[in-house]
Amino acid sequence: FFLFGNRLYVYDEKQENIFSYSKTLRGFTGGSAWITDANAQKKDIVSIAIDGSIYTLGKNWKIQRLFRGAVADFTQATVDPSLSSATRILTDDTMQNIYVLDGAHKRVVIFTKKGLPTGQAGALVRQLFFENAVSITDIALSPDETHLYALEGANVLDVALTEGTENK
């Protein structure tokens, strides 16, 4: 599930759709199917992230951008090795990029959300490899997107994403 604005979004695997619930004084109400596009990949979604659009990460390791329930422009760059075990996608309305956790390869792959002057949304920004880690199970970012935090067992690894920032 994912909270955004006054709504709660939940992927229902059995119904193969994302459901949107509106916030009320007593909790949430509604539960309307959000994906309306017949061309949208609705099966096997493993993670969602929202910045106004909804980004889905499927078991096919593809990122899909949806806007108002329909497929929107997003062309995911090819990465090597492939995202064969990606488990989490992370972005929000304050972030410039999309972060994908690929635990089996002990890395985080970063894609653009907006088109670059020389490309389009979905271009590869970089890959962060955690070669000395046993496993990476989750990620978070600082509000200013200058540090990525990776969970390795009970340890939190702090990675500076911009030059001039030091690890703490």
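The values are calculated or read from the model by the stated rules, or taken from the named source; none is laboratory data. No experiment lies behind these values; they were computed from the predicted model shown. Note that we place each Cβ from the backbone using ideal geometry, even for glycine, and neighbour counts take in every protein chain shown. For accessibility, only protein heavy atoms count, side chains too; no ligands or nucleic acids. Shrake-Rupley method; radii C 1.70, N 1.55, O 1.52, S 1.80 Å.
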How much accessible surface does His105 have with a 1.4 Å probe, in Å² rounded to 10?
60 Å²
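Rounded to the nearest 20 Debye, what is the dipole magnitude of the chain about its Cα centre when Lys and Arg each give +1 and Asp and Glu each give -1 at the C-beta? Display every interim value, and only then the final one.
Values: 17 positive and 19 negative charges, 119 e Å.
Rounded to the nearest 20 debye, it is 580 debye.
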Leaving ligands, DNA and RNA out of it, work out the accessible area of Thr36 with a 1.4 Å probe and give it in Å² to the nearest 10.
100 Å²
To the nearest 20 debye, what is the magnitude of the charge dipole of segment 38-85 about its Cα centre, counting +1 on the Cβ of each Lys and Arg and -1 on the Cβ of each Asp and Glu?
220 debye
Net charge dipole size for segment 1-97 [Lys, Arg +1 and Asp, Glu -1 on Cβ; Debye, nearest 20]
280 debye
If you build a Gaussian network model of the chain, linking Cα atoms that sit under 10 Å apart, which residue out of Leu141, Leu25, Leu101 swings the most?
Leu25
Which of the listed residues, Phe28, Ile98, Leu148, is farthest toward the dipole's positive end in the chain, when Lys, Arg count +1 and Asp, Glu count -1 at the beta-carbon?
Phe28
Averaged over every viewing direction, what's the projected area of the C-alpha convex hull for segment 51-168? Give it in nm², one decimal, please.
7.9 nm²
Most mobile listed residue (Gly69, Gly31, Gly58) in the chain, GNM with C-alpha springs under 10 Å
Gly31
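Please compute the per residue accessible area over the chain with all protein chains in place, 1.4 Å probe, rounded to a whole number of Å². Numbers along the way, then the final one.
Numbers: 9600 Å² over 168 residues.
Ligands and nucleic acids excluded, the figure is 57 Å² per residue.
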What are the ³J(HN,Hα) values, in whole Hz, obtained from phi via the Karplus relation 6.51 cos²θ - 1.76 cosθ + 1.60 with θ = phi - 60°, for each residue of segment 102-108 in sequence order, with x given for Gly and Pro?
10, x, 5, 9, 6, 8, 10
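For Asp51, Asp93, Asp73, write out the residues from largest to smallest accessible area, computed with a 1.4 angstrom probe and no ligands counted.
Numbers: Asp51 40, Asp93 100, Asp73 130 Å².
Putting Asp51, Asp93, Asp73 in descending order of accessible area: Asp73, Asp93, Asp51.
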Separation of alpha-carbon centers, segment 35-62 and segment 84-111, rounded to whole Å
14 Å
How about Lys14: which lysines have a C-alpha closer than 26 Å to its C-alpha, ignoring those fewer than 8 places off in the same chain?
Lys23, Lys42, Lys43, Lys59, Lys62
Relative contact order as a percentage, the chain, C-alpha pairs under 8 Å and 6+ apart, gives 11 percent
